[in-house]
Amino acid sequence: MSAAQKSRYKRILVKLSGEALMGDDAYGINRDTLNRIVAEIGAVAALGVEVGVVIGGGNIFRGVAGASTGMDRATADYMGMLATVINAMALSDAMRQAGINARVQSALNVEQVIEPYIRGKAIRYLEEGKVVVFAAGTGNPFFTTDTAAALRGSEIGAEVVMKATKVDGVYTADPVKDKSARRYERISFDEAISRNLKVMDATALALCRDQSLPIVVFSIFKEGALRRVVLGESEGTMVHS
């Protein structure tokens, strides 16, 4: 049996936060952390899995934070989208240096540096074995990159959205503040929404539920976690219909 046959999924969408790129830095992109994340993605791509990535921009600018200081919310959100373009370019360049064939597509029109998002072309890239990085969220203000991940995952026919976070799953309470908090192995969308568990924002959760698109929450800082999820091993928390 080949490595590709062993993988549980053929096509996945990884949601990567901008903050994940900071490492221990206060802001920006930590090169060592970036390279380690690229290695995790590369290990999965090497299994023959088709990988799409939606990346956030919180390490550079958060639209919600900008709006809280009095900035127009739509303007702040567009600035946040441009921050995701910077992260996507950095991620793509790191992949290139690691020998991984990657393409970046942007929901905002910045054709001088990145090609626009075209669904059919993105799917063709995936079928050719290229990692596709989706930048600029949905291209619209007032929507998070979580929602962008649910949307792109649905559009490209991903079998699962894998949300890479700082914690290794969804817990009954904040595991940092409450030592008795326990991790869910599986939980339904309705339970996650009714209990207000911080899996994704409500719009993203509702979209994934309506499309029967499961979400796996795992720690990107746990070595090999992404690969273990893809191989169907016990890792993180699955949110399902």
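Where a number appears in this text, it was derived from the coordinates with a stated rule and is not lab data. All values derive from a computational prediction rather than experimental measurement. In this analysis, Cβ positions are derived from the backbone assuming ideal geometry, glycine residues included, and neighbour counts consider all displayed protein chains.
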Listed with the fewest Cβ neighbours within 10 Å leading, Thr147, Thr75, Thr84 appear as Thr75, Thr147, Thr84
Taking placed amide H atoms and a strict 5 Å upper bound, the residues 5 or more places from Thr165 or on another chain that come that close are Phe218, Ser219, Ile220
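Antiparallel as a % of all DSSP beta bridges within the chain, to the nearest 5?
Roughly 10 percent of the DSSP beta bridges within the chain come out antiparallel.
Please return the longest stretch of the chain lacking exposed loop sites, where chymotrypsin sites (Phe, Trp or Tyr not before Pro) count only if DSSP places them in a loop and at most 14 other Cβ atoms lie within 10 Å. Provide the component values of the computation, followed by the final result.
Details: sites that count: Tyr27, Phe142.
With a cap of 14 other Cβ atoms within 10 Å, the longest stretch comes to 28-141.
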Calculated from DSSP helices alone, with each H run of at least 4 adding -39500 (n - 2.57) and the total divided by the residues of the chain, [θ]222 nm to the nearest 500 comes to -11000 deg cm²/dmol
Heads up, the range 3-240 by the C-alpha gyration tensor (a ≥ b ≥ c square roots of eigenvalues; a/c under 1.5 rounded, else a/b over b/c prolate, else oblate) looks rounded
Of the listed pairs Lys10/Lys222; Lys6/Lys163; Lys121/Lys198; Lys121/Lys163; Lys6/Lys121; Lys130/Lys163, those with alpha carbons more than 31 Å apart are Lys121/Lys198
Expected sort for Met238, Met162 with the fewest Cβ neighbours (10 Å cutoff) up front is Met238, Met162
If exposed means GluC sites (Glu not before Pro) lying in a DSSP loop and surrounded by at most 16 other beta carbons within 10 Å, then the longest stretch of the chain lacking such sites spans residues 1-110
Here the range 115-122 yields Karplus 3J(HN,Hα) values (6.51, -1.76, 1.60; θ = phi - 60°; whole Hz; Gly and Pro given as x) of 6, x, 6, 10, 4, x, 5, 4
Between Ala136 and residues 5 or more places away or on another chain, the pairs with built amide H atoms under 5 Å apart involve Thr84, Val85, Ala107
A chain fully extended from Ala202 to Asp174 at 0.36 nm per residue, minus the present Cα-Cα distance, gains in nm 8.2 nm
Most fluctuating of Pro141, Pro214, Pro175 in the GNM of the chain (C-alpha, under 10 Å) is Pro175
Dividing the mean separation of Cα pairs under 8 Å (6+ apart) by the residue count of the range 71-152 yields a relative contact order in percent of 34
When the chain is treated as a Gaussian network with springs between alpha carbons less than 10 Å apart, the largest mean-square fluctuation among Asn59, Asn101, Asn109 is found at Asn109
